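Below: the structure, in structure tokens.
The values are calculated or read from the model by the stated rules, or taken from the named source; none is laboratory data. Predicted model only: the values in this text are computed from it and were never measured. Heads up, the Cβs are rebuilt from the backbone with ideal geometry, glycines too, and the neighbour counts pull from every protein chain shown. These accessible areas exclude ligands, DNA and RNA; they are computed on the full protein's heavy atoms, side chains included. Shrake-Rupley method; radii C 1.70, N 1.55, O 1.52, S 1.80 Å.
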Amino acid sequence: MTPDRLRAALRGVPDPQWLDAALRRVATEPAAIPRFFASTARRCGREPLADPSGWTVDEAARALLLTALPADHAVVADSLYRHGDAAEKRAVLRALPLLPIGAACVPLLHDAIRTNDTRLIAAALGPYARHLEQPAWRQAVLKCVFTGVPLAAVDDLDGRADSELAAMLAALAAERHAAGRAMPTDATDLLARLGAGSHSTTAREA
């Protein structure tokens with residue numbers, strides 16, 4: 001994802017002049033961003049975008065506002081997340097991979113993953129989750145299975161999934177089987193890809 005791609009997707013927003021002016025203002029007066037951030041959904045809309053898939057108009061516009069900042073991206077992102085509503089928090093999480101912040105905003109991922117808001121969890125596991133340490137990332141994937149977040153939301157899932165995650169999923173599959181509950185299909189498919197099908201079968205039989 002790039003700012004240019006988001007900008008192209010927003011050509012048809014209801015009030016393009018407002019968005020253009022907001023981006024110029026934030027670039028020269030960063031302190032104005034909270035006001036524009038709060039007004040974005042009302043001025044630009046909340047409809048889903050066809051491309052990029054999975055984004056809404058307000059998320060894309062808010063992400064662009066963050067990229068327009070001249071400096072202090074991590075500090076501003078943290079503040080907007082901490083003081084924002086759920087939609088504003090999701091927009092911040094989606095914007096993180098576009099910002100020059102390194103791993104500075106990883107605490108925001110931890111906060112989102114601790115919630116039971118499935119849309120926040122999904123947003124936290126996008127490309128910026130590459131900065132999560134492996135134990136925290138594994139727990140986040142398990143949280144997806146627990147809360148019903150599709151594993152398709154997890155960026156680089158197959159690249160990062162390892163034998164320890166397979167063991168954790170197999171143990172969960174055994175617990176669910178004992179309770180008469182099924183695992184989500186995407187989780188069982190991941191186990192199969194990890195070659196852990198035999199482990200889960202053994203656990204169920206035990």
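What to note about this one:
- Restricting the stretch 146-162 to residues that are out of contact with any Ser or Thr (no Cβ under 6 Å at 6 or more places or on another chain) and either buried (at least 21 other Cβ atoms within 10 Å of the Cβ) or aromatic (F, W, Y) (or both), the residue that is modelled with the lowest pLDDT: F146
- Within the stretch 116-127, considering residues that are open to solvent by 40 Å² or more (accessible area, probe 1.4 Å) and either among the aromatic types (F, W, Y) or in a loop (DSSP other than H, G, I, E, B) (or both), the one modelled with the lowest pLDDT: N116
Residue by residue, here is whether (1) buried (at least 19 other Cβ atoms within 10 Å of the Cβ); (2) on the phi > 0 side of the Ramachandran plot; (3) at pLDDT 90 or above holds:
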| residue | (1), (2), (3) |
| --- | --- |
| A166 | yes, no, yes |
| A170 | yes, no, yes |
| A174 | yes, no, yes |
| A179 | no, no, yes |
| M183 | yes, no, yes |
| A187 | yes, no, yes |
| A196 | yes, no, no |
| S200 | yes, no, no |
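- First in the stretch 57-78 and closer than 14 Å to M1 by Cβ, second anywhere and part of a helix (DSSP H, G or I) and of a type in the set (F, W, Y), Cβ under 8 Å, 6 or more apart: R62/F37
- All positions within the stretch 128-137 that are more than 17 Å from I101 (Cα to Cα) and crowded, with 16+ Cβ neighbours inside 10 Å: W137
- Filter pass, P70 being open to solvent by 30 Å² or more (accessible area, probe 1.4 Å) and either assigned to a helix (DSSP H, G or I) or more than 29 Å from L132 (Cβ to Cβ) (or both): no
- Looking across the stretch 3-23 at every residue that is within 16 Å of P48 (Cα to Cα) and of a type outside the set (A, V, I, L, M, F, W, C), the one that is least open to solvent (accessible area, probe 1.4 Å) is identified as G12.
- Test: residue in the stretch 75-84 that is over 30 Å from G148 (Cα atoms) and surrounded by fewer than 21 Cβ atoms within 10 Å (Cβ to Cβ): yes
- Residue check, A140 crowded, with 17+ Cβ neighbours inside 10 Å and touching a helix residue (DSSP H, G or I) at 6+ places or on another chain (Cβ under 8 Å): yes
- Applying the condition of being open to solvent by 50 Å² or more (accessible area, probe 1.4 Å), in a helix (DSSP H, G or I) and of a type outside the set (D, E, K, R) to the stretch 31-48 and asking which residue is farthest from A61 (Cα to Cα) yields A31.
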